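Remarks on the structure that follows.
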Amino acid sequence: MTTAVLSEIHGKVGLIRINRPDAMNALNDAVVEGIAAAIDAFEADPAIGCLVLTGNDKAFAAGADIGVMKSFDYMHAYQTDFITARWERIKTARKPVIAAVAGYALGGGCEFAMMCDMIYAADNAKFGQPEVKIGTLPGAGGTQRLPRAIGKAKAMDMCLTGRLMDAVEAEKSGLVARIIPAEQLLEETLKAAQTIAGYSLPVIMMIKEAVNRAFESPLNEGLLFERRVFHASFALEDQKEGMNAFAEKRKPSFKNR
Ligand code: CAA
């Protein structure tokens with residue numbers, strides 16, 4: 001792993017920090033590969049139950065690295081399938097990933113945040129898909145995930161004008177789950193991540209998979225998927241432990257099985 005991405009373990013939480021402060025955390029190969037490698041490692045570690053992806057106080061990430069991208073031609077972008085491979089590693093994570101966003105989350109940065117399972121925003125966060133200003137369009141899911149999160153009207157407005165959205169508007173519009181004062185962003189996000197990681201990991205993974213199914217299937221199919229996974233949860237020792245602990249008025253001790 002390079003220094004463009006730092007990873008730390010906090011209890012049962014894997015923290016991944018994008019670390020290119022001189023370039024507003026612009027996403028180059030080192031950053032993308034660093035994030036993907038950190039996710040690979042945390043996914044393989046049975047002691048980790050939740051991941052947090054963050055940047056610094058000025059930028060979560062200001063998008064794909066324009067300095068690198070500006071010389072790409074069509075054949076390069078197409079032949080290397082630019083974006084597709086390691087950029088989408090966040091999407092395939094099976095453990096929950098929370099984006100803790102302070103400052104700018106623009107272009108690919110906004111798209112990375114939206115690939116996470118939810119976004120906690122600092123009060124100084126700014127989201128945007130400003131690719132139109134540099135002669136291109138969102139290429140890591142912005143035109144697809146943004147309308148699903150905030151509706152067509154606002155997504156179209158942001159993608160066509162390139163305007164930024166502040167934390168208050170982002171929370172009102174459904175893009176972010178919580179707004180947190182900037183100086184407490186990491187602490188509060190880690191606290192929520194520890195709560196998640198304290199539950200049964202297979203149950204957490206089932207919930208994530210079921211909620212995500214809502215965006216991939218018609219309602220009846222999604223409901224059927226949820227019902228079957230709900231039934232499957234009764235095969236878990238953790239379901240017995242959770243319900244017995246409630247009946248016995250004690251704290252459950254989950255074993256992740
Ligand atoms: N790529 C490369 N370098 C970037 C960058 C990016 N996306 N964003 C910022 N930087 C660099 C700047 O070039 C500058 O470097 P130097 O000090 O060496 O000149 C440094 O970061 C600081 O940036 P600014 O001086 O511009 O800081 P600012 O506070 O005035 O503005 C900003 C901050 C509004 C984020 C502005 O930098 C900006 O608009 N950045 C570009 C945002 C953008 O267009 N993102 C979309 C990229 S395309 C994309 O992501 C495609 C996709 O869908 C995958």
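From 35, 48, which residue is at pLDDT 95 or above and either among the basic types (Lys, Arg) or within 16 Å of the ligand (Cβ to nearest atom) (or both)?
Of the residues listed, the single one that is at pLDDT 95 or above and either among the basic types (Lys, Arg) or within 16 Å of the ligand (Cβ to nearest atom) (or both) is 35.
For residues in the stretch 114-141 being polar (S, T, N, Q) and near the ligand (Cβ under 9 Å from one of its atoms), which is surrounded by the fewest Cβ atoms within 10 Å (Cβ to Cβ)?
Taking the candidates together, the pick is 136.
If a residue has to be more than 7 Å from the ligand (Cβ to nearest atom) and surrounded by fewer than 15 Cβ atoms within 10 Å (Cβ to Cβ) to count, how many in the stretch 58-83 make the cut?
Selection size over the stretch 58-83: 14.
Can you tell me how many residues in the stretch 51-82 are on the phi > 0 side of the Ramachandran plot and modelled with pLDDT under 95?
1
The values are calculated or read from the model by the stated rules, or taken from the named source; none is laboratory data. Keep in mind that this is a model prediction, so the values were computed, not measured. Using ideal geometry, Cβ is built from the backbone for each residue, glycine included, and neighbour counts are taken over all protein chains shown.
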